[in-house]
Each structure stands twice: as C-alpha cells, then as structure tokens.
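Q: What follows is a single structure, and I will ask about it in a moment.
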Amino acid sequence: MRPAIEGLDPEQTWRQHLTGLRPLAEAALAALPQAGLLPEVTSRDAAMLKDGLALLDRYLAEGVPTLAELQTAIQKFSPTILADASDAAGAQLDAIDAVLRPWWHGLSDAERAATYVVVLGPKAPRVGNAIHNYFINLVGSAGAERRVIYAEGMFTPEAGEAVLAALVTERRLSTDFFADEQRMDRDLLSDGGEARLLEMFGRLGGPPPAGAAPAAAKRLAASP
C-alpha cells in the first residue's frame, strides 16, 4: 500500500497484490486448526487473519487509505506477530539444540576449541539473530566471536565450506605474516585508512592546514 499512498503506483498494482493475498490468507485460516498449535495461539492467529481479510476487503472496496489510517490499522496486528515470532524462535532453538547439544558434548576439549561454525543466511545478521546467538552461546564466550561466522547471501553446505576454507587459510596467513590470527579479518588497508581519515576530516586535534598535501601524496611524490 505504501507506493500507492505515496503516489508511486499509477497503475494501481496494489489491487492485484491485495486480491492475490486474499486466497492465501483464507488458506492459512482454514489450515490453522490442523497446524498443531496451542489453542490460544490458534485463536489469536485466527483473529488476526480474519481482521486482515476484512482489511483487504475494505481497501479493495474503498480505495487507498491515508498513511496514518494504514499504520493505525496494521499496528493492531503487532502483538500477535511478535507473540508468534517469540514462539517460533523458541521452537526453532529447541529443535536445533536437541540435535546439536549431544554432538557438542561428545567432542573433546581440543575438538571444541578447534570448531568453527558457519551460519548461512540471506544477509548480515540483524541484531539478536537467534541462530547466530545460539552458536555464540554454544561455543562459549572465549573465542566465540572469532569462530562463529555468518555467511551472508549463502544457502548451501558447499558455499559454507568454501567460506570456511577461505577463513582458515586467511587466519593461518595472518598468523604467519603478522603474528595476529585475525589481522586479515580486517581490510588490509584498514589501519592506514582509519588514520588517514581521522587526519582528513580533522579528528586529530583540528583540520589539516588549507592547501596542505596529504601525507600519503607527499610520500608518493618522493618515491622514485
């Protein structure tokens, strides 16, 4: 609805989208009683779906609402959405833990210390990503941030293995060259870049003198 409200949908494609959502909502509503959810969950989700269907019908009949009207209407769904998300997170974590905890405890201390975890996902993890945080807690605070890696935009075991292979190679390289296992986790130019940016934007006690050539430029000019 947002593009239509903001005048960015002259073709009124919002009507197609809402019309297409209706049978999906009806199917979800019909499936709820057989979904194996607790009675109170089934009840709250059924109420949300019914209210959602009524809202679709209202907009299809009356046209585009104002932004304030839309927000007031859909924010009523927030408690149910967040309650469902909380239940889903608990179920997901319980299922993962039932499989992984026995395996983890079957490892030796040396094997656990050498274990890397690659979490596959569509984008950089949002704050509080449940699966990422599960592995942080499983591995433990000592080294967890170093050994639990989120692989952005990757979805297959093969992709995860490729990330892991590159990571292990880079960390060995970092140790061999710099005596710092995580140096290559940062951009190679990061240290010099940070220092130059502080200088460039006047965060080292004041702005650089007007017309002064950057230090790096002077060094390059002096090079043969």
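Nothing in this text is a laboratory measurement; each read-out follows from the coordinates by a stated rule. These numbers were taken from a predicted model, which means no experiment stands behind them. Cβ coordinates were reconstructed from backbone atoms using ideal geometry, including for glycine residues, and neighbour counts include every protein chain displayed.
Q: Report, by chain and number, residues whose modeled amide H sits under 5 Å from the one on Val117, excluding near sequence neighbours (fewer than 5 apart, same chain).
A: Val148, Ile149
Q: Still on this structure, please answer the following. Output the direction-averaged projected area (hull surface divided by four) of the convex hull of the alpha-carbon atoms of the chain, in nm².
A: Result: 22.9 nm².
Q: Compute the signed sum of charges (Lys and Arg +1, Asp and Glu -1) over the other residues within less than 14 Å, Cβ to Cβ, of Ala114.
A: Summing Lys and Arg as +1 and Asp and Glu as -1 gives +2.
Q: Still on this model: For Phe201, Phe77, what's the fewest-to-most ordering of other Cβ within 10 Å of each Cβ? Don't jump to the answer; show the numbers that get you there.
A: On the way: Phe201 10, Phe77 16.
Fewest-to-most Cβ neighbours within 10 Å comes out as Phe201, Phe77.
Q: What is the Cα radius of gyration of region 131-191 over 2.2 N^0.38 Å, N being its residue count?
A: With N residues counted in region 131-191, Rg over 2.2 N^0.38 Å equals 1.22.
Q: Could you give the semi-axes, largest first, of the ellipsoid that matches region 1-104, computed as the square roots of 5 times the alpha carbon gyration tensor eigenvalues and rounded to whole Å?
A: 34, 16, 13
Q: While we're looking at this one, here's another question. Longest segment of the chain with no GluC sites (Glu not before Pro) in a DSSP loop having at most 13 other Cβ atoms within 10 Å?
A: Values: sites that count: Glu6, Glu11.
By the stated rule (loop sites, at most 13 other Cβ atoms within 10 Å), 12-224.
Q: Here's a follow-up. Defining a contact as two alpha carbons under 8 Å apart and six or more residues distant in sequence, what relative contact order in percent does region 120-197 show? Before the final figure, lay out the partial values.
A: Numbers: 56 pairs, mean separation 20.3, N = 78.
Normalised by residue count, the contact order of region 120-197 is 26 percent.
Q: Let me know the charge dipole size of region 2-87 about its Cα centre in debye, to the nearest 20, where only the beta-carbon of Lys, Arg (+1) and Asp, Glu (-1) is charged.
A: 80
Q: OK, next. Restricting to Cα atoms and excluding each atom paired with itself, what does the Kirkwood estimate give for region 91-158 in Å?
A: One decimal place: 12.7 Å for the Kirkwood radius.
Q: Mind pulling the angle between the C-alpha long axis of helix 157-178 and the longest principal axis of the chain? Nearest 10 degrees, somewhere in 0 to 90.
A: 20
Q: Which one, Thr19, Ala88, Thr169, projects farthest toward the positive side of the charge dipole computed for the chain from Cβ point charges (K/R +1, D/E -1)?
A: It is Thr169.
Q: Now for a different question. Beyond 19 Å, what percent of the Cα pairs of region 85-205 remain? Don't skip to the end; give the middle numbers.
A: Values: 4431 of 7260 pairs.
The share of Cα pairs beyond 19 Å in region 85-205 comes to 61 percent.
Q: Follow-up. Expressed as a rounded percentage, what relative contact order does region 29-137 have, with Cα pairs under 8 Å and six or more residues apart?
A: Reported relative contact order: 21 percent.
Q: Starting from the 7 Å offset along Cα-to-Cβ, what nm value, one decimal, do you get for the label separation of Arg172 and Leu100?
A: Computed distance between label sites Arg172 and Leu100 equals 2.6 nm.
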